[in-house]
Amino acid sequence: MKENKLTPGTNLRWESMRMILPEHREMMLKRREEDKKSAPPSVDDQQWEEFGWTLEEALVETKPLEVTYWNGGYYVDVQGYCHYVNYNQKKLHVVTFKDEVEYLHFEFISDIKII
């Protein structure tokens, strides 16, 4: 069977259209960027208990941590020392190796490891 513009699975219908408007290109790039984003983590009670043991060990023995948290659709890794756990505001205070303080909300933390 000979292909024509209406044959399913072919791109002949749009073959002559090689130009994309700048507005369409911006929308396509935005859409691709939004597709890369992921949903916030959902951590169960057993994982929270493991995080608690890990944090306790890191605080008592001053061991460095690697905390993976969700920030605006992307997962970010922070390495440093746990300075303080604020249970009232539900935040973890991590001092990075560059002497910067990161305040991480409990609800966005997906993993905690001792380095």
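Could you list, in sequence order, all residues of region 49-73 that are touching a Leu at 6+ places or on another chain (Cβ under 7 Å) and among the aromatic types (Phe, Trp, Tyr)?
Correct list: Tyr69 only.
Might you check whether a residue that is aromatic (Phe, Trp, Tyr) and assigned to a helix (DSSP H, G or I) occurs anywhere in region 51-74?
yes
Which ones in region 32-50 are surrounded by 10 or more Cβ atoms within 10 Å (Cβ to Cβ) and not aliphatic (A, V, I, L, M)?
Glu33, Lys37, Ser38, Pro40, Pro41, Gln47, Trp48, Glu49, Glu50
Taking the options Asp77, Asp99, name whichever one is touching an Asp or Glu at 6+ places or on another chain (Cβ under 8 Å) and modelled with pLDDT of 90 or more.
Exactly one of Asp77, Asp99 is touching an Asp or Glu at 6+ places or on another chain (Cβ under 8 Å) and modelled with pLDDT of 90 or more, namely Asp77.
When you check Glu34 against the structure, is it in a helix (DSSP H, G or I), of a type in the set (Asp, Glu) and at pLDDT 90 or above, yes or no?
Answer is no for this residue.
Only one of these is among the aliphatic types (A, V, I, L, M) and in contact (Cβ under 8 Å) with a residue 12 or more places away in the chain: Leu29, Leu65, Leu21. Name it.
Leu65
The values are calculated or read from the model by the stated rules, or taken from the named source; none is laboratory data. Treat the numbers as computed from the prediction; the structure is a model and nothing was measured. Note that we place each Cβ from the backbone using ideal geometry, even for glycine, and neighbour counts take in every protein chain shown.
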